[in-house]
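Undergrad: Before anything else, here's the structure in question.
The values are calculated or read from the model by the stated rules, or taken from the named source; none is laboratory data. Predicted model only: the values in this text are computed from it and were never measured. Positions of Cβ are generated from backbone atoms using ideal geometry, with glycine treated the same way; all protein chains shown enter the neighbour counts.
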Amino acid sequence: MKKIIPLTAALLAPLALLAQKKKGPYESDFELPGSRVEVYKTIGDVKLKIYIYEPEGHKAGAKRPAIVFFFGGGWRGGTPKQFMQHCRYLASKGMVAMTADYRVASRQGTKPFHCVRDGKSAVRWIRKNASRLGIDPGRVAAGGGSAGGHVAGCTGTLPKHDEPGEDAKVSSVPNAMVLYNPVLITAKAEGLKAFGGKLDQLAKRLGVDDPTTISPYHHIRKGLPPTLVLHGKGDTTVPYSTAEAYVKKATKTGLRAELSGYEDMPHGFFNFGRRDNKMFLATVTRMHEFLGSLGYVKGKPTVEKHLKRLAGQK
């Protein structure tokens, strides 16, 4: 009997609200202490900002490795602040770490494929401005959680859904991916059952004619970036089994794909400020090890020291 892997209705609830739209002009204005802010994309009256954390003494032309994070929120809400502490830690280890705003249903009335377009635009913007930003265009990682993990995962896997009119000569594909409880399967596949089997409604909710075009699992092939997936085994929103299926297929394809599972942990377990930061410590340490293996950071993880410094600032 083939294994059935459900993706529960918990993610369908936010999708049902995708038609909601906030009227009027929009410009993100989130407060992220210590960041330097630039607009990476203007589309209509929407200006999307990227919040940049740089190593001490960083200068243009430095060619440092970089990472951009995308927040979770069911493609409907959320803010770049979710990954602020991840950025601050990685900047302290020598990376240029960024967390990007992108269009969501509650603010712009958009659908998931718009989120993916914005994610690809952010990666492309970083590469296009690499010299000015002091970034190595050959060492740009993408990360994110939940729906933001889907966005990051799509930047590394999907051949479609780039923003029309952007310079296709500049790649929107990252060199590595770090995905926290990500949505990786959004369409029917042999032996799998995504979104509780409600595939008759799925294409419309995702905003695409064919859900496979926005499903990372369906685009696993040779040559994709090395990937780390961090997932709670007790996740009932995006089941751990979906991460297992993705990593199993990727590994069989010959890709470097690693899965770190955390016993009994629910959705969003990794976030800063939850569970006395024990899971933040564990997952950021694992992220450091993965990025270190790629040469993006050096030395041993110092996440515990980072947390103690933050506690001393209160």
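Undergrad: Consider L259 carefully, then state whether it is outside any loop (DSSP other than H, G, I, E, B), in contact with a helix residue (DSSP H, G or I) (Cβ under 6 Å, 6 or more places away or on another chain) and over 19 Å from G149 (Cβ atoms).
TA: Against the criterion (outside any loop (DSSP other than H, G, I, E, B), in contact with a helix residue (DSSP H, G or I) (Cβ under 6 Å, 6 or more places away or on another chain) and over 19 Å from G149 (Cβ atoms)), L259 does not qualify.
Undergrad: Ok, one more. Inspect the range 233-256 for any residue being touching a residue at least 12 places away in the same chain (Cβ under 8 Å), closer than 22 Å to A97 by Cα, among the aliphatic types (A, V, I, L, M) and out of contact with any Gly (no Cβ under 7 Å at 6 or more places or on another chain) and give the result as yes or no.
TA: Checked the range 233-256: no residue is touching a residue at least 12 places away in the same chain (Cβ under 8 Å), closer than 22 Å to A97 by Cα, among the aliphatic types (A, V, I, L, M) and out of contact with any Gly (no Cβ under 7 Å at 6 or more places or on another chain).
Undergrad: Considering each residue of the range 288-314, count those that are free of Cβ contacts under 8 Å to residues at least 12 places away in the same chain, of a type outside the set (S, T, N, Q) and over 25 Å from R139 (Cβ atoms), and give that number.
TA: Within the range 288-314, residues that are free of Cβ contacts under 8 Å to residues at least 12 places away in the same chain, of a type outside the set (S, T, N, Q) and over 25 Å from R139 (Cβ atoms) number 5.
Undergrad: Sticking with this one: Which number in (1) among the aliphatic types (A, V, I, L, M); (2) buried (at least 19 other Cβ atoms within 10 Å of the Cβ); (3) farther than 19 Å from G145 by Cβ; (4) over 17 Å from the mean Cα position of the chain (by Cα) marks the one condition that M279 misses?
TA: Evaluating M279 over (1) among the aliphatic types (A, V, I, L, M); (2) buried (at least 19 other Cβ atoms within 10 Å of the Cβ); (3) farther than 19 Å from G145 by Cβ; (4) over 17 Å from the mean Cα position of the chain (by Cα) leaves (3) as the failure.
Undergrad: Taking the range 269-303 only, how many residues are touching a helix residue (DSSP H, G or I) at 6+ places or on another chain (Cβ under 6 Å) and not hydrophobic (A, V, I, L, M, F, W, C)?
TA: 3
Undergrad: Go through A257, A250 for me and flag whichever is of a type in the set (A, V, I, L, M), under 15 Å from G156 (Cα atoms) and over 17 Å from the mean Cα position of the chain (by Cα).
TA: The match here is A250.
Undergrad: For the range 56-171, give me every one of the helices (runs of 4 or more DSSP H) that falls completely inside it and has 1 or more residues that are within 25 Å of T237 (Cα to Cα).
TA: In the range 56-171, 84-92, 105-108, 112-128, 147-157 are the helices (runs of 4 or more DSSP H) which contain 1 or more residues that are within 25 Å of T237 (Cα to Cα).
Undergrad: In the set P55, P137, which member is in contact (Cβ under 8 Å) with a residue 24 or more places away in the chain, touching a helix residue (DSSP H, G or I) at 6+ places or on another chain (Cβ under 6 Å) and over 26 Å from Y217 (Cβ atoms)?
TA: After ruling out the rest, the residue left standing is P55.
Conditions (1) among the β-branched types (V, I, T); (2) closer than 19 Å to D118 by Cα; (3) at pLDDT below 95; (4) assigned to a helix (DSSP H, G or I), marked per residue:
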| site | (1), (2), (3), (4) |
| --- | --- |
| L179 | no, yes, no, no |
| A187 | no, no, yes, no |
| L202 | no, no, yes, yes |
| R205 | no, yes, yes, yes |
| T213 | yes, yes, yes, yes |
| Y217 | no, no, no, yes |
| L224 | no, no, no, no |
| V229 | yes, no, no, no |
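Undergrad: Residue check: is D136 among the acidic types (D, E), modelled with pLDDT of 95 or more and crowded, with 24+ Cβ neighbours inside 10 Å?
TA: no
Undergrad: Which of the residues belonging to the range 73-89 are in contact with a His (Cβ under 9 Å, 6 or more places away or on another chain) and not basic (K, R)?
TA: W75, Q85, Y89
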